[in-house]
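K.L.:
Dumping the structure here so I can ask a few things about it.
Each reported figure results from applying straightforward, stated rules to the coordinates on display, with no laboratory input. Treat the numbers as computed from the prediction; the structure is a model and nothing was measured. Cβ: placed from backbone, ideal geometry, glycine included. Neighbour counts: every protein chain shown.
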């Protein structure tokens, strides 16, 4: 059942007139609720207004965007970058460009943002796909294929291991969407890019949303300079409204805030992992702020069914909500699919919040054993 609120949630959310601990959403660093961060946004809005009223290819350019793109390229160790008004638009621009570079081979579960219209997305798991895709590429010609995949599956709390790509011998473009990894993974928040295998055959293009960790509506594509130059010629870039300039300004001036929040988030992740170590229904294989909730059975975690009903009791979502704790529980990306239950942490949560959550989880699962 969908709940309605009139305020943006932070560490708590106002639901049905009750203040509930909020373990949902995707503002991992929690900056949307930071007064200092909001002050930066206000400064940016005061300097630049709510919109830059011209195209990115007009004859008057805003230097701010160039500064942002240089910063993004440097942060993610790429030659060049281009920014967009949303992560979805950035991903669509990236996959549209990639479609002209070869036959697209999407990984299972690829987010709709990186799906090219009409693309076939296979069933199965990403590890199985990687095991077979290397042979497919090696049996083809150079530049025949383009691989398209998400770096992170936030529904299963999984960071995908792309090391099998090191076995590819034919030249191939690899498009990675790292929306749920940047800002969190790696000590500097560079996401998955440093763990991608290096090889003369592998040519990477990275796209991501800035909203998930950095609390700023916008997105980017980063990669080789020639690829980014070509993306700048696409109508998805030339004909779209630029990123809100205040968001670009804030990103450029919030590096210390990003670092501080990321350090706090890492502490919170470790704390909840320690507090819930004895609960087998929680699936947390990687250093992500997401704990997937599965039924306790012998199947693989990737294929585990979300907890909805156990032994005739109401599900974990309903149980926690009755105790003023709200977790993520909805079907995604297909609203007709099975409901997915997750605990999502942010840097806003306190140690006390985690202890309350862990106590409720422990009592619930102890009662159904």
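K.L.:
Figure the gain on full extension for residue 286 and residue 233 (residue separation times 0.36 nm, minus the Cα-Cα span) and round it to one decimal in nm.
P.N.:
Net length gain for the segment: 15.3 nm.
K.L.:
Fewest first, what order do 168, 192 take by the number of other Cβ atoms within 10 Å?
P.N.:
Result, fewest neighbours first: 168, 192.
K.L.:
Between residue 169 and residue 332, what is the label-to-label distance in nm when each label sits 7 Å out along the Cα-to-Cβ direction?
P.N.:
4.2
K.L.:
I need the Debye-formula profile for the stretch 96-174: one equal scatterer per C-alpha, no solvent, reported as log10 I(q)/I(0) at q = 0.11 1/Å, two decimals.
P.N.:
Per q value, in the given order, log10 I(q)/I(0) is -0.26.
K.L.:
Let me ask something additional. Rounded to the nearest 5, what % of DSSP beta bridges with both residues in the chain are antiparallel?
P.N.:
Close to 60 percent.
K.L.:
Using the 2.2 N^0.38 Å rule of thumb for compact globular proteins, work out how the stretch 1-77 stacks up: its C-alpha Rg over that value, please.
P.N.:
1.56
K.L.:
Which length gain, in nm to one decimal place, applies between residue 67 and residue 351 when the Cα-Cα distance is subtracted from 0.36 nm times their residue separation?
P.N.:
My answer for the length gained is 98.5 nm.
K.L.:
Just rank 56, 47, 339, fewest to most, by other beta-carbon atoms within 10 angstrom.
P.N.:
47, 339, 56
K.L.:
Another question, if that's okay. Kindly state, as a whole number, the per residue volume in cubic angstrom of the convex hull around the alpha carbon atoms of the stretch 37-128.
P.N.:
175
K.L.:
Between residue 79 and residue 366, what FRET efficiency follows from the Cβ-Cβ distance if R0 is 56 Å, with the result rounded to 0.05?
P.N.:
FRET efficiency, residue 79 to residue 366: 0.55.
K.L.:
Work out, step by step, the length gained on full extension between residue 50 and residue 8: first 0.36 nm times the residue separation, then minus their alpha carbon distance; give nm to one decimal.
P.N.:
So the extension gain works out to 13.1 nm.
K.L.:
Compute the label zone of residue 161 within the stretch 121-153: residues whose backbone N is under 17 Å from the point 7 Å along Cα-to-Cβ.
P.N.:
125-134, 151-153
K.L.:
With no solvent and one equal point scatterer per Cα, compute the Debye intensity ratio I(q)/I(0) for the stretch 52-243 at 0.08 Å⁻¹ and report its log10, rounded to two decimals.
P.N.:
Relative scattering, expressed as log10 I(q)/I(0), comes to -0.24.
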